[in-house]
1. For region 19-45, how many residues meet the condition of being hydroxyl-bearing (Ser, Thr, Tyr), within 15 Å of the chain's Cα centre (by Cα) and not in a helix (DSSP H, G or I)?
2. Let me spell it out: the conditions are (1) without any contact (Cβ under 8 Å) to a residue 60 or more places away in the chain; (2) open to solvent by 30 Å² or more (accessible area, probe 1.4 Å); (3) of a type outside the set (D, E, K, R), and residue 8 meets all of them except one. Which number is the exception?
3. In region 46-60, is there at least one residue being open to solvent by 40 Å² or more (accessible area, probe 1.4 Å), part of a loop (DSSP other than H, G, I, E, B) and under 20 Å from residue 10 (Cβ atoms)?
4. What do you reckon, is residue 37 over 26 Å from residue 108 (Cα atoms) and either open to solvent by less than 100 Å² (accessible area, probe 1.4 Å) or modelled with pLDDT under 90 (or both)?
5. Checking residue 57 against (1) touching a residue at least 60 places away in the same chain (Cβ under 8 Å); (2) over 25 Å from residue 103 (Cβ atoms): exactly one of these is not met. Which one?
6. Find the residue count for region 67-116, including only residues that are in a loop (DSSP other than H, G, I, E, B), among the polar types (S, T, N, Q) and open to solvent by 40 Å² or more (accessible area, probe 1.4 Å).
7. Please determine whether any residue of region 101-110 is modelled with pLDDT under 95 and in contact with a strand residue (DSSP E or B) (Cβ under 8 Å, 6 or more places away or on another chain).
Amino acid sequence: FLLRFFDGGIHPLEVANTPEEAERLSRKVTNNGFSGGGTEILGAIKYATRDIRKAMQNDPHFAAEIMLITDGEPNTPFTADELRQVLGEVKLHCIIIGNNVNSALKEVAVSYQQYN
């Protein structure tokens with residue numbers, strides 16, 4: 001697993017290579033909470049795709065998709081075309097928490113779930 005938290009900025013990459021490390025990261029996601037510091041969605045996706053491509057260079061059998069958990073309201077708006085360009089072949093799944101419908105994410109993501 002590769003994990004990056006984001007708010008108004010992008011946080012350092014965290015990696016889990018074992019089931020125990022994956023469990024630790026899972027607990028961290030559950031316990032991290034809302035920082036209130038903004039939502040840099042496109043920047044986070046850029047970092048995530050870069051992380052995935054780097055891992056693929058190091059291990060040709062590596063495969064990953066992005067799971068984005070956000071309120072859906074970006075600091076800086078972006079279009080579906082910009083998002084497609086950043087993602088390339090990487091698949092995006094979205095969980096939106098709140099009432100903000102992000103049309104670019106909804107159009108591009110292979111799955112989009114919203115919880116109010």
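1. So the count comes out to 1.
2. Condition (1) is where residue 8 drops out.
3. Looking for residues that are open to solvent by 40 Å² or more (accessible area, probe 1.4 Å), part of a loop (DSSP other than H, G, I, E, B) and under 20 Å from residue 10 (Cβ atoms), one finds none in region 46-60, hence no.
4. no
5. (1)
6. Summing the residues that are in a loop (DSSP other than H, G, I, E, B), among the polar types (S, T, N, Q) and open to solvent by 40 Å² or more (accessible area, probe 1.4 Å) in region 67-116 gives 6.
7. Yes - at least one qualifying residue is present in region 101-110.
The values are calculated or read from the model by the stated rules, or taken from the named source; none is laboratory data. Keep in mind the model is a prediction, meaning the values are calculated, not measured. Cβ coordinates were reconstructed from backbone atoms using ideal geometry, including for glycine residues, and neighbour counts include every protein chain displayed. Accessible surface areas use protein heavy atoms only, side chains included; no ligands, DNA or RNA. Shrake-Rupley method; radii C 1.70, N 1.55, O 1.52, S 1.80 Å.
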